[in-house]
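The values are calculated or read from the model by the stated rules, or taken from the named source; none is laboratory data. These figures come from a predicted structure and were not determined experimentally. Reconstructed Cβ throughout: ideal geometry from the backbone, glycine too, with neighbour counts over all protein chains shown. For the accessible areas, the whole protein counts, side chains as well, though only heavy atoms, and no ligand, DNA or RNA atoms are used. Shrake-Rupley method; radii C 1.70, N 1.55, O 1.52, S 1.80 Å.
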Amino acid sequence: MTRPGGPIARWLDDRAGIRDLKRVLLDEPLPAGTAWWFTTGSVLLFGLAVQIVTGIGLALFYAPTPDHAWDSVSYITTGVLGGRLLRGLHYWGASLMVVAVAVHIARVVFFGSYRKPRELNWIVGIILLHVVLAFGLTGYLLPWDQRAYWATVVTINISRQAPVIGDWIASLLQGGGQVGALTLTRWYATHVLILPALTVVLVALHLYLMRRQGISGPVTTQPGRSEMFFPSQAVRDLTVVGILAVVLVGLAWRGAPPLEPPADPASSDYIPRPEWYFLGLFQLLKYFPGRWEVVGSIVIPGLVMTWLVLLPWIDRGRSREPRHRRPVLGVFTAGAFIAGVLTLLGAMDRPAHLVAGWNVRERAGAALIEADTRCTSCHGPDRVANPIRPGRISRPPDWLNAHVVDPIVIAPGLREAPETNQPDTLAIQAALARLRSGAPPPADPGTRQVEVLVNRFCLNCHLVEGVGGKDGPDLSMIGLKLGADQIEMRVIDPKVVQADAMMPALGDKISAEDIKRIAAWFAARK
Amino acid sequence: MSTPDPRDRRSALARLVTAGVGLIGAGLAGLVGLVAAPRSRAPERRWRTAASIFDLPADRPASAVISDRVADGWYETRSQTVVYLDKEGDGYRALLSTCSHLGCKVNWDDGTKQFRCPCHGGAYDREGRVIAGPPPRPLERLPVRVNPQTSEIEVQL
């Protein structure tokens, strides 16, 4: 008998039995009427493959240490050919996995596929859901940016609330005395070794059980013949996967969202927010004050997961048709709806008092950074030092402050920053702190150059927009009291107006034209 | 002497293999557990200089960053702890800026005269007592003293 296939296939089949392997892997009899809803599992396998391959690519460049993690991820996106797409695929692939797991679970619930004898496979699936979420959580610590750091702090503190063993789990997750180098290596090992190994074992078990029991198929027996998985269902799977692959590449083409500023345990103006798929849990935590917090962080998520695990025993009727299973499907739909609403509420929450605009000193500093030769002689495209851009500054604040005071000192962290009250220096330091936290400077409405002068000559004594000295009056609303001409007179020589004025005359220090511009700027403060 | 039943011999060997594989597994798991298990270490508290008494504004708490070189495994890093210093009667008060809910950094908001947590909406008054939101405890108060020679506020941290 001649067998189909070329000589190589025959040679391999004689030695490795690849035809048997194909039979085991692909010749799966499917109940009639199996169709598009049964492609969700293949979508997850596709997502898993994308995450494994792109993860290996990222691991070729990534360094899991606090002083290099941010820089190495930044290098992947800016210095590696195709690196931006690679990180984009891994980032959006993670979101795809979460969405696909949710759709897959919803499909199983609505089709009642967890019913006997598939209870065990359902439980394996729920464990895999947790593995996917654990991948997301451990993955976004790795860039070691602000979001990474604070999400980790919050996660470890949540685990501390677990009854009895909370402290033990928290220190197991943290590794060292604080969230730092030992936490990063621990989470890295979990993300690239422990969880992938667990995933391979659990997915193999999930597929083995699926093949052993056969798929559940439509909720009622459909007319028609049973069909093999390969090739007709495989084509359906591939169609859905192909569409999603195009969507994924489209999303990833411009890369992942930019890195946030490097982790800074002392920063006080950062607003920590988790990745979108944890926003629902984040929002839930706000509703349980004081000693009830454990309800939001542990009890409710625990009850939801327990309910899911027990579903095959809660929903035990004979029929799998949705109309006979309204209570269970109602609870599931309501839960999904609540999770969606919580996620939306979490996404909309931005504490207003922290999203303040740039004050005059910070704006003056931004103007100096862009135009002053002390900065631009070294920083810029094709210069010896990198351009100064929002969210791209990895040096710690005290390094930056020392560097601004004395840019020649290459490693300012080695000694204390000298004290300074030079107005330009203060302004540049303030603007760098803003840029470091990722805030883009506001557009220049043509007043920046005046603001540099205001910062240089006025803010040592006067308070404007909450910054400056307190020896003179607060000038934030001075335009309500004085017109431009009156202000101009006072700047040139205040003694003309008030004989005992403490303020020095500035007429001989600033050009007449600049004084006019300063006066006009203050006259507009109302 | 009776010959042993070969079935007994087989099941004894099967138990032996199971026990051997179990022993190897337990040994490997124990090794990983030993390496990964958390070690409890009580952080040592010391007096540290936070700020000069002349740097404190009268109308609001002032933040001070206390930097310290600390060992973090193989790595030496600079820990930065933010405390809020304030006048209290004849003395001073120092509050740790870490929210008692889940550890985010609180800010002093001059508009509402409250410490606000940017994460889950916790709010504390100027003395660190909880006013709103999920925090279960007030902000942690740290022992404070003033160094008479230097007029600097020292905080035990």
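Data overview
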| read-out | value |
| --- | --- |
| For B:ALA94: the one exception among (1) crowded, with 22+ Cβ neighbours inside 10 Å; (2) more than 7 Å from every other protein chain (Cβ to nearest Cβ); (3) within 16 Å of the chain's Cα centre (by Cα); (4) among the aliphatic types (A, V, I, L, M) | (3) |
| Candidate set from segment B:116-132 (those that are part of a strand (DSSP E or B) and within 9 Å of chain A (Cβ to nearest Cβ)); member that is surrounded by the fewest Cβ atoms within 10 Å (Cβ to Cβ) | B:ALA132 |
| Hey, A:PHE282 away from chain B (no Cβ under 14 Å), in a helix (DSSP H, G or I) and either farther than 30 Å from A:GLY112 by Cα or open to solvent by 40 Å² or more (accessible area, probe 1.4 Å) (or both) or not | no |
| Set B:SER52, B:SER40, B:SER79: member being within 10 Å of chain A (Cβ to nearest Cβ), closer than 24 Å to A:PRO397 by Cβ and either surrounded by 13 or more Cβ atoms within 10 Å (Cβ to Cβ) or modelled with pLDDT under 85 (or both) | B:SER79 |
| Check on B:LEU102, in a strand (DSSP E or B) and either touching a helix residue (DSSP H, G or I) at 6+ places or on another chain (Cβ under 9 Å) or surrounded by 22 or more Cβ atoms within 10 Å (Cβ to Cβ) (or both) | no |
| Pairs, first farther than 21 Å from A:GLY469 by Cα and within 11 Å of chain A (Cβ to nearest Cβ) in segment B:57-76, second of a type in the set (Asp, Glu) and surrounded by 12 or more Cβ atoms within 10 Å (Cβ to Cβ), C-beta under 9 Å, six or more apart | B:VAL65/A:ASP398; B:SER67/A:ASP398; B:TYR75/A:ASP67 |
| Flag for A:ALA170 being surrounded by fewer than 20 Cβ atoms within 10 Å (Cβ to Cβ) and within 14 Å of another protein chain (Cβ to nearest Cβ) | yes |
| Lone unmet requirement of (1) surrounded by fewer than 20 Cβ atoms within 10 Å (Cβ to Cβ); (2) out of contact with any Asp or Glu (no Cβ under 9 Å at 6 or more places or on another chain) for A:TRP150 | (1) |
| Among the residues listed as B:ASP59, B:ASP86, B:ASP8, the single one being on the phi < 0 side of the Ramachandran plot, in contact with an Asp or Glu (Cβ under 9 Å, 6 or more places away or on another chain) and surrounded by fewer than 10 Cβ atoms within 10 Å (Cβ to Cβ) | B:ASP59 |
| Odd one out for B:ASP72 among (1) more than 28 Å from B:VAL130 (Cβ to Cβ); (2) more than 28 Å from the chain's Cα centre (by Cα) | (2) |
| Test set (1) more than 13 Å from chain B (Cβ to nearest Cβ); (2) surrounded by fewer than 19 Cβ atoms within 10 Å (Cβ to Cβ) - A:ALA197 fails condition number | (1) |
| Which listed residue is in contact with a Phe, Trp or Tyr (Cβ under 8 Å, 6 or more places away or on another chain) and not in a loop (DSSP other than H, G, I, E, B), from B:SER79, B:SER63, B:SER67 | B:SER63 |
| Segment A:56-74, subset of a type outside the set (Gly, Ala, Ser), more than 23 Å from B:ASP72 (Cβ to Cβ) and part of a helix (DSSP H, G or I), residue farthest from the chain's Cα centre (by Cα) | A:ILE56 |
| Tabulated pairs, segment A:248-273, first within 14 Å of chain B (Cβ to nearest Cβ), second among the β-branched types (Val, Ile, Thr) and open to solvent by 30 Å² or more (accessible area, probe 1.4 Å), C-beta under 6 angstrom, 6+ apart or interchain | A:ALA266/B:VAL65 |
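A quick yes/no check of all residues on (1) in a helix (DSSP H, G or I); (2) surrounded by fewer than 20 Cβ atoms within 10 Å (Cβ to Cβ):
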position: A:VAL235; (1), (2): yes, yes
position: A:LEU244; (1), (2): yes, yes
position: A:LEU251; (1), (2): yes, yes
position: A:PRO272; (1), (2): no, no
position: A:LYS286; (1), (2): yes, no
position: A:VAL295; (1), (2): yes, yes
position: A:VAL299; (1), (2): yes, yes
position: A:GLY302; (1), (2): yes, yes
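Each row is one residue, and each column tells you yes or no for (1) among the aromatic types (Phe, Trp, Tyr); (2) surrounded by fewer than 19 Cβ atoms within 10 Å (Cβ to Cβ); (3) modelled with pLDDT under 90.
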| position | (1), (2), (3) |
| --- | --- |
| A:MET1 | no, yes, yes |
| A:GLY6 | no, yes, yes |
| A:LEU45 | no, yes, no |
| A:LEU60 | no, yes, no |
| A:ALA69 | no, no, no |
| A:LEU85 | no, no, no |
